[in-house]
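A short worksheet on the structure shown next.
The values are calculated or read from the model by the stated rules, or taken from the named source; none is laboratory data. Only a predicted model underlies this, so the values are computations on that prediction, with no experimental measurement involved. A quick note on method: Cβ atoms are made from the backbone with ideal geometry, for glycine too, and the neighbour counts reach across all protein chains shown.
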Amino acid sequence: MAKEAVRVLVTGAAGQIGYALVPMIARGVMLGPEQPVVLHMLDIPPAAEALNGVKMELVDAAFPLLRGILATIDVVEACTGVNIAVMVGGFPRKEGMERKDVMSKNVSIYKAQAAALEKHAAPNCKVLIVANPANTNALILKEFAPSIPTRNISCLTRLDHNRALGQIAERLNVHVSDVKNVIIWGNHSSTQYPDVNHASILTKDGEKPVRGLIADDKWLNSEFITTVQQRGAAIIKARKLSSALSAASAACDHIHDWVLGTRQGTWVSMGVYSDGSYGVPAGLIYSFPVTCEKGEWSIVQGLKIDEFSRTKLDATANELAEEKSLAYSCL
Ligand code: NAD
Ligand code: LMR
C-alpha cells in the first residue's frame, strides 16, 4: 500500500538554508527514498515573492516524492497538520558577531511560533530548531508550547558533530564514514565541547580509538576543539554568509536518524532537554550523545568524563544558563 505523505514544515524557507534544504527533503534525503512528503514553507512578507519562486522551482524539479507544496506567510496555515517542523526562520549572524548577538530578534520569533505549533501541528510533531541561538530558541519554544512533549523539541548540533567527524577524517586521511562516536556537548556556540575521548575509526583490523591513532594530544586538546568551535565563524569569513548547504544536510541527518534510528553501535549529537545526565542542570537544551530507535532518542549513559572534559561540560552549561536569562530579559 502507498505510504501516507509526511508533512514537513520549513520556516525561513526563502533563505539560504531553506533553499538548500527543501530540495533535499523533496528528494528523500531526510525521510528516505520511499517516503512521500508535503512541504509547508513559511517566510515573512518581504520574502513572499522569493518564497513563491522557490515553490516554482520545486514544481519544475518534478520530484517524484513531493506530493504537495504550501508556500505561505501565514504561520497558522504553515503549522497546520505538520508532522515535522524544521525551524530555520530568523536572522543569521554576520562577521564579528557571536550567535547570541542575534538573540533579541530570534527568541521573540520562537515565542510567537510556539503557540502556532502547539495549537495546529499534528499530535507528536517533532521539532528541530536550526536558527540561532539554536539551544535557547528551542528552550523558549518549549516553554511557550507547554503541551508539546519536551522529548519532541530539539536543536541542531549535528552540524558541529559532522564538522568534528570531518576534521578527524582529514587528519587521519580516512573516509569520514569510518569515523564514529565523536560527541558535541552543550551549546551550539564557541563554548561547545567537541569530545573525541570515545570516538573510534573502523579499520580493516577492527575499531581503533581515535586517541590511539592520533598521538598528538596537543592537537586533539586544542586545535581540533577550536577549529570545530570556530568553524561557523570561519565560513562566515570566507563566504560572507553563514553555512547553508552543510547546515541543511545536517538538519536532514538529524531528522533522518531521529525518525529512522541510529546505526547499531553508533551515536550522534542532538540538542535535547537535559534530564540531569552527566551533571548537566535540568532545564537547559544541551547537546548530548544520543541513540535513536522507533522515533525516540535516548542519552547515551555511562561514558567516563575526565577532569578536562568536566570543566568543558560545565563551561558550556554555564553559558546556556546565562543565555536563558538573557533570552527572558529580551522577551
Ligand atoms: P537567511 O537570512 O538566508 O534566511 C532566513 C530566512 O528566515 C529569511 O528568508 C527570512 O525572511 C526568514 N524569516 C525571518 N523571520 C521569520 C519569521 N518570523 N518566520 C519565518 N521566517 C522568517 O538565513 P540562513 O542562512 O538561512 O540562516 C537561518 C538561521 O539558521 C540563522 O539564525 C542562522 O544563524 C542559523 N544557522 C544555524 C545553524 C546550526 O547549526 N544550528 C547553522 C547555520 C545557520
Ligand atoms: C554555523 O555554525 O555555521 C551557524 O551556526 C552559523 C553561525 O552563525 O556560525
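Go through the stretch 16-38 and give me each residue that's crowded, with 24+ Cβ neighbours inside 10 Å and not hydrophobic (A, V, I, L, M, F, W, C).
Within the stretch 16-38, just 18 meets the criteria.
Considering only the stretch 98-128, state which residues are loosely packed, with under 15 Cβ neighbours inside 10 Å and either within 28 Å of residue 260 (Cα to Cα) or among the aliphatic types (A, V, I, L, M) (or both).
Across the stretch 98-128, the qualifying residues are 112, 119, 123, 124.
Just the residues that are under 25 Å from residue 190 (Cα atoms) and either outside the structural domain of residue 164 (by TED's automatic domain parsing) or in contact with a helix residue (DSSP H, G or I) (Cβ under 8 Å, 6 or more places away or on another chain) (or both), please, taken from the stretch 284-296.
284, 285, 286, 287, 288
Residue 70 passes all but one of (1) surrounded by fewer than 24 Cβ atoms within 10 Å (Cβ to Cβ); (2) within 16 Å of ligand 2 (Cβ to nearest atom); (3) not polar (S, T, N, Q); which number fails?
All conditions are met except number (2).
In the stretch 125-139, is there at least one residue being over 13 Å from the mean Cα position of the chain (by Cα), within 24 Å of residue 317 (Cα to Cα) and assigned to a helix (DSSP H, G or I)? Reasoning before the result, please.
Initially, the stretch 125-139 is screened for residues over 13 Å from the mean Cα position of the chain (by Cα), giving 125, 139.
From what is left, the residues that are within 24 Å of residue 317 (Cα to Cα) are 139.
With assigned to a helix (DSSP H, G or I) added as a condition, the list becomes 139.
Yes, because at least one residue in the stretch 125-139 is over 13 Å from the mean Cα position of the chain (by Cα), within 24 Å of residue 317 (Cα to Cα) and assigned to a helix (DSSP H, G or I).
Select from the stretch 102-121 the residues that are near ligand 1 (Cβ under 10 Å from one of its atoms) and either within 17 Å of the chain's Cα centre (by Cα) or under 19 Å from residue 190 (Cβ atoms) (or both) and list them in ascending order.
Selection gives 102, 106, 110.
So residue 120 fits all but one of (1) touching a residue at least 60 places away in the same chain (Cβ under 8 Å); (2) in contact with a Gly (Cβ under 8 Å, 6 or more places away or on another chain); (3) farther than 30 Å from residue 222 by Cβ; what number is the exception?
(1)
Any idea which of (1) within 24 Å of residue 256 (Cα to Cα); (2) surrounded by fewer than 23 Cβ atoms within 10 Å (Cβ to Cβ); (3) not hydroxyl-bearing (Ser, Thr, Tyr) is the one residue 45 doesn't satisfy?
Unmet for residue 45, out of (1) within 24 Å of residue 256 (Cα to Cα); (2) surrounded by fewer than 23 Cβ atoms within 10 Å (Cβ to Cβ); (3) not hydroxyl-bearing (Ser, Thr, Tyr): (1).
Does the stretch 208-232 hold any residues that are of a type in the set (Gly, Ala, Ser) and away from ligand 1 (no atom under 11 Å from the Cβ), and which are they? Working first, answer last.
Pass one, the stretch 208-232, residues of a type in the set (Gly, Ala, Ser): 212, 215, 222, 232.
Once the filter is applied, which keeps residues that are of a type in the set (Gly, Ala, Ser) and away from ligand 1 (no atom under 11 Å from the Cβ), the stretch 208-232 yields 212, 215, 222.
Show the residue pairs meeting these rules: Cβ distance below 6 Å; 6+ apart or different chains; first residue within the stretch 226-240 and free of Cβ contacts under 8 Å to residues at least 12 places away in the same chain; second residue surrounded by 11 or more Cβ atoms within 10 Å (Cβ to Cβ).
Pairs that qualify, where the first residue is free of Cβ contacts under 8 Å to residues at least 12 places away in the same chain and the partner is surrounded by 11 or more Cβ atoms within 10 Å (Cβ to Cβ), are 235/243.
Might you let me know whether the stretch 241-248 holds any residue that is of a type in the set (A, V, I, L, M) and in a loop (DSSP other than H, G, I, E, B)?
There is at least one residue in the stretch 241-248 that is of a type in the set (A, V, I, L, M) and in a loop (DSSP other than H, G, I, E, B).
Considering the stretch 39-85 alone, what residues qualify as being among the charged types (D, E, K, R) and farther than 19 Å from residue 3 by Cα?
43, 49, 55, 57, 60, 74, 77
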